[in-house]
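Student: Right, I'll just put the structure down here and ask away after.
The values are calculated or read from the model by the stated rules, or taken from the named source; none is laboratory data. The structure displayed is predicted, hence computed values, not measured ones. Because the Cβ atoms are built from the backbone with ideal geometry, glycine has one as well, and the counts that use them run over all protein chains shown. Keep in mind that these areas ignore ligands, DNA and RNA; they rest on the heavy atoms of the full protein, side chains included. Shrake-Rupley method; radii C 1.70, N 1.55, O 1.52, S 1.80 Å.
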Amino acid sequence: MQTSSVVDGRDMPCAEEIRAQLDRIVKSPEFPTVGRGVAFLTYIVEEALAGRADRIKGYSIALAVFKRDQHFTQEDPVVRIEAGRLRRVLERYYLVAGQKDPVRIDIPKGGYVPVFQWREPVSIAKPAQPEGSDTSLDIHAVTGWTKRREAATGASIAATVAMLGVASWAWMHSVFPVKDQGGLPAEPTLVVAPFANLGDGAKAEIYANGFTEELLTALPRFNEIKVFGRETSRTLSADADVKEVRDELGARYLLAGGVRTSGERIRVSARLIDTADGMILWSQTYDNDLQARDLFAIQADVANQVATSIAQPYGIIAQADASRQPPDDFGAYECTLKFYAYRAELGPENHAAVRDCLEAAVADYPAYATAWAMLSILYLDEYRFAGATGGPAPLARALATARRAVQIEPGNTRGLQALMTALFFSQEVKEAIRTGERALARNPNDTELTGEFGTRLALTGQWERGGALLDKAVTLNPGGGGFYRGTRALAAYMLGDTAEAVTLIRQADLQKFPLFHAVAAVIYAEAGLMSDAKREGDIFMKMRPDFMPSFFAEMRSRNMQARDVERLLAGLKKAGVTVPADSASATELADR
């Protein structure tokens with residue numbers, strides 16, 4: 001029997017006690033078996049007990065645990081990623097199953113050498129504010145509503161964690177592997193394998209490398225996913241093993257493909273793989289003529305098409321994640337999926353649930369810019385649903401939270417979209433358009449942004465350009481937000497293409513959004529479909545009886561041009577809607 005050592009006057013656990021604790025941890029049903037966690041923890045513990053703590057380095061762990069060869073370098077992040085995950089696993093283990101364990105094993109940050117100590121009483125403090133964060137805009141102050149309690153006892157927190165269940169935790173961490181994000185929640189992770197050279201000659205190899213580079217430029221523009229960098233991609237082979245990607249990198253998705261040339265023809269194939277089960281979620285082939293188009297244009301175009309298909313807000317990854325509902329614990333990333341589901345139909349009954357989810361997300365993750373941006377859009381919808389007579393409070397909250405999102409992450413596409421829209425409804429139209437242009441330049445393939453910016457441009461009278469952006473949004477995302485087609489139908493009506501307007505309004509299924517029915521009534525009346533026009537007009541009046549008495553105020557809030565307001569007013573009247581006789585308001589609108 002080994003005796004305990006003494007450090008600073010206190011007995012420390014001996015080797016047998018430490019090994020017994022290691023055995024308890026790795027055999028616990030709460031300790032996940034996904035990845036190399038067991039092998040990693042066992043290796044560093046045994047090395048420390050053997051007196052070789054000074055040899056526990058990233059290089060030795062990579063060779064012994066992850067079976068890397070002698071060419072391993074620090075550019076390969078596998079050890080850092082797994083160490084971060086293992087630290088969190090141990091933290092949660094001691095909160096749930098290991099509350100009464102006698103020995104604690106920790107891996108302090110900054111190295112991989114484990115620390116062994118007897119358990120101390122657990123105290124749980126309120127999380128510290130991230131360094132450099134701006135506390136001037138607190139979520140509780142923004143909403144004006146009392147939120148959850150600020151603090152709880154350690155016992156109640158442990159009970160809550162246990163009640164949520166390790167099954168829920170394991171699900172969330174297998175679907176959305178956690179990385180050290182500086183206080184940010186987990187989001188879907190994607191790694192790009194180098195595209196394979198399926199042709200002959202040096203040019204084919206250059207083409208394959210070029211497509212990989214273009215993808216690694218286009219994909220990170222979408223803020224709702226996390227993309228591993230170039231260094232990680234270079235450590236993979238073109239035919240990267242899915243299990244290796246899942247276990248060693250912790251990436252949920254793998255994008256792979258190849259490039260084949262034949263004469264002046266080039267073919268690029270791409271596929272998205274779910275690393276949990278190896279299933280191909282999406283695949284596509286792109287053919288181009290090298291004589292007809294410049295190679296660099298082809299590379300950029302194909303990369304943008306691939307990135308948009310899989311990474312946009314309504315893309316393949318979002319659809320896959322939305323179909324994978326966790327058993328109990330809806331995390332911060334789940335709020336973003338709920339947000340897009342809400343945006344697809346714009347139903348007021350789901351508004352409060354999504355808003356509350358996002359408020360909880362930014363309270364838990366105050367540096368999560370995307371959630372702040374989405375919350376801004378939800379606040380703005382309170383203003384839009386209530387009408388211009390609903391008061392300035394929701395609009396002020398929308399602008400404040402949008403500014404917070406952009407302050408945290410100046411290049412966040414969703415943040416710029418939110419700021420653009422809030423500025424627009426705050427009557428700062430020029431600044432709103434400038435913000436929209438900046439966001440569009442950063443990511444021209446984000447359909448949520450493209451649709452919203454196209455709508456803002458159209459309502460200011462730029463119907464042709466706004467319509468073109470809306471067409472792009474529909475083309476890139478045919479199954480996305482119905483408001484694309486609804487606003488595009490209005491643009492067709494304003495541009496005099498009534499037949500196209502009828503086609504588009506019938507494709508826009510926004511039955512829960514009041515203004516959809518107003519636009520439909522106007523279009524059907526213009527087309528002579530009077531029964532349809534009257535039906536839509538009646539639905540609109542039932543949903544928004546307050547709208548027509550404040551019609552001119554509503555139009556002012558949307559920055560519509562006087563000539564366009566006159567056309568809408570005439571169309572609503574033709575559809576049988578009672579319109580206001582407010583000549584003073586009409587004159588004020590015309591003089592703006």
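Student: What helices (runs of 4 or more DSSP H) completely inside the stretch 499-571 contain at least 1 residues that are over 32 Å from the mean Cα position of the chain (by Cα) and modelled with pLDDT of 95 or more?
Tutor: Numbers: elements: 514-526, 530-543, 551-557.
Here the list reads 514-526, 530-543.
Student: Across the stretch 496-520, what is the number of residues that are surrounded by 15 or more Cβ atoms within 10 Å (Cβ to Cβ), aliphatic (A, V, I, L, M) and more than 19 Å from Glu345 (Cα to Cα)?
Tutor: Here the count works out to 2.
Student: If you don't mind, another one. For the stretch 29-59, what are the residues that are open to solvent by less than 40 Å² (accessible area, probe 1.4 Å), out of contact with any helix residue (DSSP H, G or I) (no Cβ under 8 Å at 6 or more places or on another chain) and of a type outside the set (A, V, I, L, M, F, W, C)?
Tutor: Taking the stretch 29-59 as the starting set, the residues that turn out to be open to solvent by less than 40 Å² (accessible area, probe 1.4 Å) are 31-32, 35, 37, 40-41, 44-45, 47-48, 53, 56, 58.
Still in the list and also out of contact with any helix residue (DSSP H, G or I) (no Cβ under 8 Å at 6 or more places or on another chain): 48.
Once the filter is applied, which keeps residues that are open to solvent by less than 40 Å² (accessible area, probe 1.4 Å), out of contact with any helix residue (DSSP H, G or I) (no Cβ under 8 Å at 6 or more places or on another chain) and of a type outside the set (A, V, I, L, M, F, W, C), the stretch 29-59 yields nothing.
Student: Here is a further query. Quick check: is even one residue across the stretch 98-118 within 27 Å of Tyr368 (Cα to Cα), at pLDDT below 65 and surrounded by fewer than 13 Cβ atoms within 10 Å (Cβ to Cβ)?
Tutor: Scanning the stretch 98-118 turns up no residue that is within 27 Å of Tyr368 (Cα to Cα), at pLDDT below 65 and surrounded by fewer than 13 Cβ atoms within 10 Å (Cβ to Cβ).
Student: Return the residues of the stretch 336-366 that are open to solvent by less than 40 Å² (accessible area, probe 1.4 Å) and outside any helix (DSSP H, G or I); say none if nothing qualifies.
Tutor: Leu346, Gly347, Pro366
Student: Of the residues that sit in the stretch 416-451 and are of a type outside the set (A, V, I, L, M), out of contact with any Leu (no Cβ under 9 Å at 6 or more places or on another chain) and within 22 Å of Leu219 (Cα to Cα), which one is most open to solvent (accessible area, probe 1.4 Å)?
Tutor: Glu437
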